[in-house]
1. Amide H neighbours of residue A:191 under 5 Å, counting only residues 5+ apart in sequence or on other chains, H built in-plane at 1.01 Å?
2. When A:214, A:176, B:39 are ordered from fewest to most other Cβ atoms inside 10 Å of their Cβ, what list results?
3. Ordered by residue, what ³J(HN,Hα) values in Hz, to whole numbers, does region A:75-88 give under the Karplus form 6.51 cos²θ - 1.76 cosθ + 1.60, where θ = phi - 60° and Gly and Pro are x?
4. With θ set to phi - 60°, apply the Karplus curve 6.51 cos²θ - 1.76 cosθ + 1.60 along region A:240-252 and write out the HN-Hα couplings as whole Hz, x wherever there is a Gly or Pro.
5. Amide H of residue B:241 versus every other amide H placed in the peptide plane: which residues, excluding those fewer than 5 positions away on the same chain, fall under 5 Å?
6. For chain B, what is the mean residue ellipticity at 222 nm derived from helices alone (per DSSP H run of n ≥ 4: -39500 (n - 2.57); sum divided by total residues; nearest 500 deg cm²/dmol)?
7. Mind checking region B:72-169 for chymotrypsin sites (Phe, Trp or Tyr not before Pro) that DSSP puts in a loop (not H, G, I, E or B) and that have at most 11 other Cβ atoms within 10 Å?
8. Neighbouring Cβ atoms within 10 Å as the yardstick, rank B:146, B:181 fewest first.
Amino acid sequence: MSEPAVELSNCHYRYNGTVPALQGVSCTIEPGSWVAVVGQNGSGKTTLAKLCNGLLRPHAGRVRVMGQDARRQSVAQLARQVGYLFQNPDHQLFAPTVREEIAFGLDNLGFDPAEKEERLEETLKLFGLEAFAERPPAVLGYGLRRQVTVASLFALRPPILILDEPTAGLDWGRTKLLLERSRILHQSGHTIIFVTHNMRLVAEWAERVLVLHKGRLLADDTPRAVFGQPELLARAALSPPPITELSQRLRSLGLRGDSPSVEAFCEEVAQLVAARSEAIS
Amino acid sequence: MRGSGSARGREIGSNLVSPQFDLYVSRASWLHRLDPRTKMAFVTVSFALLLLNDQLTLMVAYLVAVHLLLRQAEIPWSRIRWLWDRTWLVSLMIFLLWPIFYPSGEPVLVGWRFIQITVPSLVEGLSAALRVIDLAFAVLVLLVSTDQTRLVQGLVRLGLPFEWGLGLAIGLRYLPLLHGTYQTITDAQRARGWSPGQGSLIRRARAYVPALVALVIAALRLSDALTLALAARGFQPGQPRSVRRPLRMERADGWVLGASGLLLVAAVVLRFGLP
């Protein structure tokens, strides 16, 4: 059996040594999985994500990345294994052109020139950035700037990708593009961890959900199982996707009340209707 | 909309500054209640006293007095120690180097080649070292007992254009934010394998370009947004404004200003003697 992509064992973290952000969080993220980390503001989502790539080190507990103790590796070393997309694109962009911005990480990790060029061109094409390749990324619109930061991370193709609020401020078209590109990596075995407040994305894309509340892990389950627990969601101050809420309100008609997506809801309704029709006939 | 308060003048909004990144310690002491202009006058007079004179006894006396003043104003030892931590080394260097570069008088304690360490030069060195600490503590009196809003308000009342005062207040307010932004930027670059801090000084300086350029871009975007936000809330340079908490000189200010005046006279007399 392969090593877990990320393994957190009883991790504690306190900002400034006093403000507790994580309190005894343990979880295992299998390689090739697509995991969403959810919770209200200040619940510890970003702290957890930053422990995974070494930007933060736990005050107690242990973090293992691809079977290796994260404490023994620098952030630059971990960057080969774990890519991290920051919330704000302006915290990253600095290069004079989009091309150089994407090449920055490839240079840091010492890719040979031929492979670098190949990845550059491929990434520009994949994200539809060819037309902007020679333009300064800082002057592009927000959506494009966000796309450049995502592209510069995807170019590295790390086995684990952490996307912190990847779709914040993006229109549906760019959100879809980002998720589709993530799916390509996921299908080729990359682990995707995304921190988000968007429950619809969680329901439709994630295989597993980690629910954090006040620095503690409240739940670690499938979206269907998590969204099917209204008490848990209320405690974590989360609101389920509208389709799950509709499904819950129609429980009296015989629905299970945990449909995470429109497709699942339609399927359940179709089964219900078919069963009723059969019973009537 | 113009202000509705009866007192008209200029004020910096108190919500513009942050307690982080400044030395202010919130207390309700008489020192805290003094008008910032009074405390600025005290600092100015202290500078005159300390720069016009060099007697060791004066330096020691000032240091003791200012410590008593700070403690009386309930300033914690941790904040006082903070300044000591930042001044002791440079003061020690002054004390050690002064006798070597400014040998004077007798008796000679140590004589080796061109180095002559004398008792008067040691005393002068100690005095010069303490002067640096004294000057720093004089400023500390102002900074630990005056929040940034009142400080800028005082400067504006002393003639600094309001727009400059507002700029200063915003600058102080955004220091911690920019610091936080810089940390996030370096984290973002490190997450892409960026690792500065190796090689020659020039190489290391160049390695910081990815972080610094990103910081400048973020700061420009922030200032652009802030300008629009100020304009959206009706800020217009040169327009009359109302004052919510006007600065007012109280009786204690009069006493302190009087004492500062006497101190100034003493400084001049000590330096130049009686006419």
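1. So residue A:191 has HN proximity to A:32, A:160, A:161.
2. Going from least to most buried by this count: A:176, A:214, B:39.
3. 4, 4, 5, 5, 4, 5, 9, 10, x, 10, 9, 7, 4, 9
4. Going residue by residue, I get x, x, x, 5, 5, 4, 4, 4, 5, 5, 9, 4, 4 Hz, with x marking Gly and Pro.
5. B:9
6. -22500 deg cm²/dmol
7. Filter output for region B:72-169: B:114.
8. Working: B:146 23, B:181 19.
Listing B:146, B:181 from fewest to most nearby Cβ atoms yields B:181, B:146.
None of the figures in this text is laboratory data; all of them are computed from the coordinates on show. Since the structure is predicted, the reported quantities are computational estimates derived from the model, not experimental observations. Please note: Cβ atoms are built from the backbone with ideal geometry, for glycine as well, and neighbour counts cover all protein chains shown.
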